[in-house]
Every structure is written in C-alpha cells, then in structure tokens.
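**Q** Encoded as structure tokens, here's the structure I'll be asking about.
Just so it is clear, none of the values below were taken in a lab; they were calculated from the coordinates. Not measured: the values here are computed from a predicted model. Every residue, glycine as well, gets a Cβ built from its backbone with ideal geometry; the counts of neighbours run over all protein chains shown.
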Amino acid sequence: MQYRALVQTVVRHPWMYAFGLFLLVSALVLAWPSPSVSSMSRQVRAVELLPSDVAVVKVTHFDAEVPFTGTLMPVQQMLLNARVAGDVIDVPVREGESVSAGQVVLRQNNLDALSRLAQAEAAVQSSRAELETSREQMKKFRVLSQQNFFSRNDLEKAETQVAVYASQLKANEAAVMMAKKSLDDAVLRAPFSGMVAERLVEPGQLVMPNTPLLRLVDLSQLELAIQLPSNEISRVHKGQTLTFSVDAFGDEKFKALVVRLNPLAKASNRRITVYAAVKNPDLRLRGGLFAKGALVDEKAPSGLAVPLTAVQTKNGQSGVMVIREHRLFWQPVTLGAQNARTNQVIVQSGLSAGDNIVATRISLKREGAPVRYAEGTIPGSAGSPVKEG
C-alpha cells in the first residue's frame with residue numbers, strides 16, 4: 001500500500017521524480033574516485049631515447065679538404081702504328097729508354113719502295129723529254145701555220161699533244177712523291193721527346209698497315225684523374241690546388257692544379273671526373289700510379305650543424321624534433337650546405353646553439369609527447385642528462 005501511494009504521489013507531482021534522479025546522480029559522482037595526476041600523465045606514452053639519439057646543436061666547421069683517390073697518366077702519349085706493309089729490320093730502342101723528337105725508333109724493309117721510286121723517277125725523265133720535244137714541234141708548227149704551210153687543225157693537234165705530255169709529267173711526278181712517302185713511312189721516327197713504354201714488335205716480324213709497333217710517353221707533364229661524388233662538385237673549381245701522395249714515395253706530398261671538370265657524371269656511380277695537371281720535371285712520378293690525397297676547399301662553410309638523419313619534412317617544410325621542457329616540439333628550419341662525408345647539414349635559421357634535437361627518425365605524430373632516456377634520465381637544456389626528481 002505504501003509503494004502504491006508513493007507511485008501515485010510521483011505521478012501527481014513529476015517534479016519530485018526529476019529531483020530524486022538528480023540527487024542520485026550527484027551522489028554517484030561524489031562517491032566515484034577521481035584520477036590522480038600521475039595516472040593521467042601515464043595515458044600519454046613517453047618517448048624513450050638513448051643518449052646517442054639526442055644531438056646538441058653547435059657551431060661546426062666543415063672540412064676544408066675533400067679526400068680523393070685517382071690515377072696518374074701522361075698528358076702526352078702515343079701508340080705508333082705501321083704505315084706500310086713490310087718486314088721489320090731494326091728496332092733500336094727498348095722499354096724505358098729516352099728518345100728525342102725525330103729520332104729513328106724503327107725501320108722496315110724498303111726495297112719495294114726503292115724500286116717504285118726508281119721507276120717513277122725514270123718515268124718523270126721520259127715524260128719531261130717528250131714534253132720538251134712536243135713543245136719545240138708546236139713552236140715550229142705555229143710559225144709555219146702563220147706562213148700557211150700547215151693548217152689550223154695540224155697546229156691544234158700539236159698543242160693537244162703538248163697538253164697530254166704535260167699531264168703525263170705531272171702524274172709521274174706525283175708517283176715519285178708517293179714512292180718517296182712510302183720510303184719515308186718505312187722509317188718510324190719519334191713524334192715527341194719522351195720514353196719508350198712498350199715495344200710490341202721484334203726485327204724480322206712482318207707487319208701490315210696499322211699494326212701497333214711502339215708506345216711512347218712524355219712523363220714531364222702528368223694528369224691526375226679523380227672521381228668525386230656529385231654533391232661535392234660544388235666545392236671544386238678550375239685553378240684549385242690539391243695535394244696527393246703515392247705509395248712509392250711514402251708520405252711525400254705532391255701538388256697538382258685542377259685544369260678541367262667532366263661535364264657529365266658517370267651513370268654507374270653518379271661521380272664526376274676531375275682532371276688536375278701535375279708537373280714532373282725530374283720524371284720521378286710514373287704513369288699509372290695510384291694517388292690519394294685531399295683537395296683544399298677555400299670556401300668551406302661553417303655554422304650550426306645537425307645530422308642529416310634528424311631532418312624531416314612536414315607539409316613541404318624541412319624541420320627537426322626539438323626537446324624543450326622534456327617534450328618533443330616540431331621546429332621548422334632553413335637548410336644550407338651539406339657535408340656528405342660526415343652526414344651533416346648547416347642550419348641557417350630555426351635553431352640556436354645548445355638546442356637538443358632528436359638525431360634519429362621519429363614519427364611526427366609524437367609531437368608534444370614527453371621524453372625520457374631509456375636509462376631513466378631526461379635530457380637537460382645543455383644536452384647532458386638530468387636525473388628525474
């Protein structure tokens with residue numbers, strides 16, 4: 001009966017039902033335990049970093065030297081080939097011997113060239129005699145033609161005969177020149193002063209035209225060919241000085257001067273070949289030697305540097321993750337020159353010396369997350385760990 005009376009009262013007065021429900025909810029809220037600050041902070045997982053994962057931004061001077069390796073080669077070298085066919089009768093030089101420009105270094109059998117030259121010279125003499133005779137006859141025919149003793153046609157025939165003999169004389173003279181050239185080609189002379197690098201034939205050997213005979217080199221002027229990565233080529237220019245050494249002379253340093261740069265990079269390794277001139281008046285250095293050294297960069301950059309691995313891109317803007325007040329913050333930066341050897345890049349704006357940054361790749365979604373070291377420490381403002389309180 002009491003329960004039915006209570007229901008009838010609530011039906012007649014609905015505000016009493018709403019007020020009772022409000023009291024019930026308020027009691028539940030007050031009785032429910034409130035979360036502590038520490039439990040709330042645990043809901044955001046901290047980023048644990050090793051000390052090696054954190055880098056301190058500081059002023060860095062990029063290396064003023066670009067290391068390289070290369071090969072020394074003579075600027076002037078030539079492979080001498082046979083110009084005529086014939087037996088080799090004499091090779092008066094051997095590998096390592098010095099030769100002067102114009103010196104005879106090889107002789108071939110020239111009997112055939114001598115016989116052709118004698119025939120051509122005899123033909124020249126015969127043609128010259130016939131030409132002189134025909135000219136004398138033409139002069140006589142011209143006088144007699146003026147006195148009407150010979151017709152105009154006979155005179156024209158005499159003039160034609162003179163022209164024919166003149167042409168034959170020119171042809172025979174050309175044959176003499178060809179025979180003399182063949183005779184001269186059978187004797188090989190050094191085109192420049194240098195040294196014999198290779199002797200490829202021996203006396204008695206039959207050679208045909210274009211057969212390699214000797215290789216000559218001039219060691220007084222060498223060229224050092226080095227290959228540099230494409231990202232280092234901006235540090236190289238014509239007239240730049242480089243120093244190098246070769247194993248044959250220990251730690252002794254030699255100098256070279258950059259004379260040209262290849263306009264194309266090699267497709268296989270994307271490296272660009274740089275050529276440097278090396279003076280070698282005493283002929284100590286030899287072609288084919290392996291050289292190693294450094295190219296001096298007079299314009300080596302310096303400034304605030306960060307690891308390349310720390311740089312990430314967000315919405316087309318380069319930036320890094322900075323650690324401030326033990327949390328991660330995204331910091332846009334402006335980048336400058338890079339050092340491929342040390343994997344660093346100059347930061348022109350956005351950071352200050354002493355800033356702590358994450359040196360490894362990390363998800364940009366972790367921005368705002370707390371930071372702690374895996375050993376239980378957190379980075380301090382100067383980059384050294386500070387114990388948690």
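**Q** If you average 1/r across every pair of different Cα atoms in region 181-276 and take the reciprocal, what Kirkwood value do you get, in Å?
**A** Evaluated over region 181-276, this radius sits at 17.4 Å.
**Q** Residue separation times 0.36 nm, minus the C-alpha to C-alpha distance between Val187 and Asn109: what's the value? Write out the running numbers ahead of the final one.
**A** Details: separation 78, 0.36 × 78 = 28.08 nm, distance 0.90 nm.
Stretched out fully, the Val187 to Asn109 stretch lengthens by 27.2 nm.
**Q** Could you tell me how far the Cα centroid of region 48-69 sits from the Cα centroid of region 75-130, in Å?
**A** Computed from Cα coordinates, the inter-centre distance equals 66 Å.
**Q** What FRET efficiency do you get for Glu97 and Arg284 if R0 is 25 Å and r is their Cβ-Cβ distance, rounded to the nearest 0.05?
**A** About 0.90, to the nearest 0.05.
**Q** Let me check against my output: what whole-number percent is the relative contact order of region 241-320, with C-alpha pairs under 8 Å and at least 6 apart?
**A** 28
**Q** What nm distance separates the two modelled labels at Gln348 and Met208, each placed 7 Å from Cα along Cα→Cβ?
**A** About 6.5 nm, to one decimal.
**Q** If you don't mind, another one. Between region 274-350 and region 164-236, how many Å separate their Cα centres?
**A** With region 274-350 and region 164-236 each reduced to a Cα centre, they are spaced 47 Å.
**Q** Moving on to the next point. Simple spin-label model, 7 Å along Cα-to-Cβ: Gln331 to Thr69 in nm?
**A** 3.9
**Q** In which sequence would Val236, Val347 go, from the one with the fewest C-beta neighbours within 10 Å to the one with the most?
**A** In increasing order of surrounding Cβ atoms, one gets Val236, Val347.
**Q** Over region 65-134, what relative contact order in percent results from Cα pairs under 8 Å that are six or more residues apart?
**A** Here the relative contact order equals 25 percent.
**Q** For region 210-360, report the convex hull volume of the alpha-carbon atoms normalised per residue, in Å³, without decimals. Mind dumping the intermediate values first?
**A** Details: hull volume 27.5 nm³, N = 151.
Normalising the Cα hull of region 210-360 by residue number yields 182 Å³.
**Q** Within the set Lys238/Lys266; Lys157/Lys180; Lys238/Lys292, which residue pairs have Cα atoms separated by over 24 Å?
**A** Going by Cα-Cα distance, Lys157/Lys180 fall outside the 24 Å limit.
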